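Everything below concerns the one structure shown next.
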Amino acid sequence: KVTLEPKDATQKKAYLDTINKAENKKTNLYLAIDAESKDNNWAEVLYDEVFNATPNVWLKEQGKQFGLGSVREYKKGDKGVDYGEILQEINIRLAGFGGNVPDEDFTERTEKTVKQFQKDYMKIEPTGVVDHKTLEAIDHFGKKYDISFSEVKCVCGTCKGFGKGLYPEEKQDKLIAEKNRKYEYPGIHRSLFWALKTVSFYLEDFSETKKLNYSLNKISSGYRCKQDNLNNSRKSTNHMGKALDLHFNKKDKRTRKNSDIEEIRKKIFEKYLGAKYDWLASQNNVFNLESTKTGATTWVHYDVREFNLKYLKDSFFVNKKNDIVGNNLIKLTL
């Protein structure tokens, strides 16, 4: 039995010797930890102290054994083939910080989004390297800004909220322009939700933009299936999982002033999310905004329509609220 943080010198030496022997190995030692359980589950405890320059030790029960190891850092050049889904999750969850796609690798764009997140959200000197503290901050960010999921469901009354998967033959067909694709994606693209969390952060908690006095009113339009289009004499397929429309408040009251909407687009979506306008040919793999001149006069429309097909696979679309955030990032490093 080894006690963490012992005051007695002899016990302290035994404690450090034990840690050095156990690191990155499985051992039959039982570690007594004076800490709170996680969700009343004592099978998993995070202990965040430096042991001989090895920070962020995770203890995860495996039968009667514990495996110990430090959380690694992720940086530009790292490949998803080496590290699993963690890099893609970083890209999805930070998509709103400068704009990004759900790539499997840690790219130059990833580094830029990480730097913006560290500077604006974490308020630290940006490094572009995802360490333990950055992973913790991303997890915190994901939980802090909630999504009213009921607002994104289709209101046609015939589907279950996210279409019926019609026109599956058009899925991933490279010969069909995305604006013309009739395939009903199986949910809303996760990058849209994480981008919305970013919008909420900049409006609510970032000092430079909080003073604008805007806040999210509601998601005014989410999924629109084929039947909903027929009901409303529409033909656009953007809202079959690839777009959200938003209403905003000015000083806590819904604003319909076009000048306010223009300001939100320019000072939030364009400046901080890297969004572009009206789906021009050179604007792939970014969030696109529908401008006033194309119809979005009193609301903000943004979408992922111009993402490459590999970033529009079914796996990126969710139809359950819990799937927006998914697993804790720290767990994915184990």
Note on the stretch 287-305: residues within 19 Å of the chain's Cα centre (by Cα) and open to solvent by 30 Å² or more (accessible area, probe 1.4 Å) are none
Looking only at the stretch 85-110, how many residues end up being open to solvent by 10 Å² or more (accessible area, probe 1.4 Å) and either without any contact (Cβ under 8 Å) to a residue 60 or more places away in the chain or charged (D, E, K, R) (or both)?
9
Scan of the stretch 153-179 for residues that are touching a residue at least 40 places away in the same chain (Cβ under 8 Å), open to solvent by less than 50 Å² (accessible area, probe 1.4 Å) and either closer than 29 Å to residue 105 by Cβ or in contact with an Asp or Glu (Cβ under 9 Å, 6 or more places away or on another chain) (or both), ordered by number:
154, 156, 159, 162, 163, 178
Pairs needed: first member in the stretch 259-277, over 15 Å from residue 200 (Cα atoms); second member anywhere, of a type outside the set (Ser, Thr, Tyr) and not in a loop (DSSP other than H, G, I, E, B); C-beta distance under 6 Å; at least 6 residues apart or different chains.
260/250; 275/269; 275/289; 276/288; 277/289
When restricted to 202, 185, the only residue farther than 20 Å from residue 152 by Cα, open to solvent by less than 10 Å² (accessible area, probe 1.4 Å) and out of contact with any Cys (no Cβ under 8 Å at 6 or more places or on another chain) is 202
Can you name the condition, by its number, that residue 192 falls short on among (1) of a type outside the set (Phe, Trp, Tyr); (2) under 15 Å from residue 152 (Cα atoms); (3) assigned to a strand (DSSP E or B)?
(3)
Give the residue that is surrounded by the fewest Cβ atoms within 10 Å (Cβ to Cβ), with candidates limited to residues of the stretch 228-270 that are among the aliphatic types (A, V, I, L, M) and farther than 16 Å from residue 209 by Cβ.
230
Positions within the stretch 278-297 being among the polar types (S, T, N, Q) and in contact (Cβ under 8 Å) with a residue 60 or more places away in the chain, in sequence order
285
Given 319, 308, which one is within 16 Å of residue 100 (Cα to Cα) and open to solvent by 10 Å² or more (accessible area, probe 1.4 Å)?
308
Among the residues of the stretch 90-112, what is the count of those that are part of a helix (DSSP H, G or I) and not basic (Lys, Arg)?
6
Considering only the stretch 122-136, state which residues are crowded, with 19+ Cβ neighbours inside 10 Å and either free of Cβ contacts under 8 Å to residues at least 24 places away in the same chain or under 30 Å from residue 228 (Cα atoms) (or both).
134
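The values are calculated or read from the model by the stated rules, or taken from the named source; none is laboratory data. What you see is a predicted model, and the numbers here were worked out from it, not measured in a lab. So basically every Cβ, Gly included, is an ideal-geometry build from the backbone, and we count neighbours across all protein chains shown. Ligands, DNA and RNA are excluded from the accessible area calculation, which covers all protein heavy atoms including side chains. Shrake-Rupley method; radii C 1.70, N 1.55, O 1.52, S 1.80 Å.
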